[in-house]
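> The structure follows.
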Amino acid sequence: MPRLNYKIILHLMGVLLLFNGGFMMISAIFGFFYDGYDVTMQITAAALLTMFVGALLMFITKDRNKEIQRREGYIVVTFGWIFMSLSGCLPYIFTNSIPLFTDAFFETISGYTTTGATILNDIEVVPHGVLFWRSTTHWIGGMGIIVLAIAILPLLGIGGMQLFAAEAPGPSADKLHPRITDTAKRLWLIYFGYTVIETIFLKLAGMNFFDAINHAMSTLSTGGFSTKNASMAYWNDNPAVQYIVILFMFLAGTNFVLSYFAFKGKLKRVWEDEEFKLYTTFVFGFAILTSIFIIWQADVSISSISHPMVLGEYESAIRHGLFQVLTVMTTTGFVTADYTLWAPFVTVIFFGLMFLGGSAGSTSGGIKIVRHLIIIRNGVLEFKRTLHPNAILPVRYNGRAVSKEIVFNILAFFILYLLAWIIGACGLGFMGLGFETALGTAASALGNVGPAFGDLGPVNNYDSLPPLGKWWCSFLMLIGRLELFTVLILFTPFFWRNR
């Protein structure tokens, strides 16, 4: 096995830091218009420091070997997220919005991993420039900062296929174009276009521009950071806003490749995609079930945090049910009501949805629909194989046989995911969290959902976690966002052997 090319790793860290600093400068512009001189200078200082470190890393590694192998790809992806999160803390610390490093790091990695768990008790007093940066971390992390980077790596003379293999969400990475850089550009064009369209729709529906662009970035990234303490419940008296968010959460939870096919007029490929059909069935099936329980069995009003609603209003019950099913299933994490108060059965449903996730190739977290689909089909085939041991019965997906290697990989991922959840919950329990809180928090962090259960439910935040608990959840968020193998392989001794 060839030696690791540390120069190319450090060089790419520099590229990522330059990206980060550039986005911070955009946040400084918002700070200039909304907050005044001091906040603008503080965010600008954070941006300049980040870009200086990035430029320095690129300069000292300018004589690098431009070849990047799979091992370097895994290191760049994992440490790229860590470097981005460390530098992303600076706007919080420099503006004194989050003075403690542990809290600032937790908030930042929660943004980049599109988890949406927050330690802020009063979001509405945070400067606008910092709030925009907070939403920007979501937007960058949504499609993956690495995918963004490989779109320009050819300009640096570097190929990016290894990075895409390590970063691409889901068990497979469908290609839109033979060249990986063109694939990345098309994915980001769709992502950017959806963000612009949702911003316009939300503005027309009654949001101001600042709230609209922030919530659009949070929605398309399936992140869930809001500019309001009440999250999306702030707009419970404006159904149009919530229906717009519902639409774009649904789109963000689908495979972005399908969006590309739809724009190209290839709608048949969308309707015939088995994962999309199952995803749609789950969304509307669980939404209908939840709405029925809200109407018939909830022992409390579905009142929001700030605007009371009437339980007998069918429209509001359906809207809240659909919204909350989508926000948990796509791991967005917005809140319109405290769903843990609706009915015990509904609480169990939402706990299960944390493990479901959206589609592969989407910005959502969780296990992903396609993995569940293949696991179920393989389980059914095991019964047939028991009766017919000599028969060749491959698992099929979209009319094609799935190789045994992929099936084994998915089974391994599923087992590893459950083990990570159990170990994560045990760690939180060791730190003093209650049974329900520990299980829900571990599932939420690993699935990049945001809201949990118990003491960290939909109307609470993560400020009460002990410092060690915040670092533990940060680790769970990272391995969940990068789908376990990318990070955990770095803990294996054979990964680091040069021979």
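The values are calculated or read from the model by the stated rules, or taken from the named source; none is laboratory data. This is a predicted model, so every value here is computed, not measured. FYI the Cβ positions are ideal-geometry reconstructions off the backbone, even for glycines, and counts take in every protein chain you see. Heads up: the accessible areas ignore ligands, DNA and RNA and are worked out on the full protein's heavy atoms, side chains in. Shrake-Rupley method; radii C 1.70, N 1.55, O 1.52, S 1.80 Å.
> Give me the residue from the stretch 335-369 that is among the β-branched types (Val, Ile, Thr) and open to solvent by 10 Å² or more (accessible area, probe 1.4 Å) and, out of that set, farthest from TYR243 (Cα to Cα).
VAL348
> Also: What pairs come up if the first residue lies in the stretch 462-473 and is crowded, with 23+ Cβ neighbours inside 10 Å, the second is among the basic types (Lys, Arg), and their beta carbons are under 8 Å apart, counting only those six or more places apart or on different chains?
Qualifying pairs under 8 Å: TYR462/LYS470.
> When you check LEU189 against the structure, is it among the aliphatic types (A, V, I, L, M), open to solvent by 30 Å² or more (accessible area, probe 1.4 Å) and modelled with pLDDT under 95, yes or no?
Judged against the criteria, LEU189 is a match.
> Here is a follow-up. Counting only residues that are open to solvent by 50 Å² or more (accessible area, probe 1.4 Å) and in contact with a Ser or Thr (Cβ under 8 Å, 6 or more places away or on another chain), which one in the stretch 1-17 is nearest to LEU90 (Cα to Cα)? Lay out the reasoning, then the answer.
Of the stretch 1-17, the ones open to solvent by 50 Å² or more (accessible area, probe 1.4 Å) are 1-3, 6-7, 10.
In the following step, the residues that additionally are in contact with a Ser or Thr (Cβ under 8 Å, 6 or more places away or on another chain) were identified as 7, 10.
Values: LYS7: 25, LEU10: 20 Å.
Here the residue is LEU10.
> Going by the conditions given, is ALA425 buried (at least 21 other Cβ atoms within 10 Å of the Cβ), free of Cβ contacts under 8 Å to residues at least 24 places away in the same chain and among the hydrophobic types (A, V, I, L, M, F, W, C)?
Judged against the criteria, ALA425 is a match.
> Sticking with this one: What are the residue pairs meeting all of these: first residue in the stretch 257-279, first residue under 15 Å from ALA360 (Cα atoms), second residue of a type in the set (S, T, N, Q) and open to solvent by 20 Å² or more (accessible area, probe 1.4 Å), Cβ atoms under 6 Å, and 6 or more apart or on different chains?
Qualifying pairs under 6 Å: GLU274/ASN398.
> Pick from the stretch 314-334 the residues that are open to solvent by less than 10 Å² (accessible area, probe 1.4 Å) and among the hydrophobic types (A, V, I, L, M, F, W, C): which of them is modelled with the lowest pLDDT?
Among those residues, the one meeting the criterion is ALA317.
> Could you grab the pairs with beta carbons closer than 8 Å, sequence gap of 6+ or different chains, first residue in the stretch 210-225 and touching a residue at least 12 places away in the same chain (Cβ under 8 Å), second one among the acidic types (Asp, Glu) and open to solvent by less than 10 Å² (accessible area, probe 1.4 Å)?
Listed pairs, sorted by first residue: ALA212/GLU198; HIS215/GLU198; ALA216/GLU198; THR219/GLU198; LEU220/GLU198.
> Inside the stretch 93-129, can you point out the residues that are in contact (Cβ under 8 Å) with a residue 60 or more places away in the chain, among the aliphatic types (A, V, I, L, M) and surrounded by fewer than 24 Cβ atoms within 10 Å (Cβ to Cβ)?
Within the stretch 93-129, ILE119, LEU120, ILE123 qualify.
> Going by what's in this entry, would ILE392 be described as open to solvent by 60 Å² or more (accessible area, probe 1.4 Å), touching a residue at least 24 places away in the same chain (Cβ under 8 Å) and aliphatic (A, V, I, L, M)? If you could, list the steps in order and put the result at the bottom.
On the way: open to solvent by 60 Å² or more (accessible area, probe 1.4 Å): yes; touching a residue at least 24 places away in the same chain (Cβ under 8 Å): no; aliphatic (A, V, I, L, M): yes.
In short, no.
> Out of LEU4, LEU90, LEU17, LEU86, I need the residue that is closer than 23 Å to THR102 by Cα and either without any contact (Cβ under 8 Å) to a residue 40 or more places away in the chain or over 24 Å from the mean Cα position of the chain (by Cα) (or both). Which one?
Of the residues listed, the single one that is closer than 23 Å to THR102 by Cα and either without any contact (Cβ under 8 Å) to a residue 40 or more places away in the chain or over 24 Å from the mean Cα position of the chain (by Cα) (or both) is LEU86.
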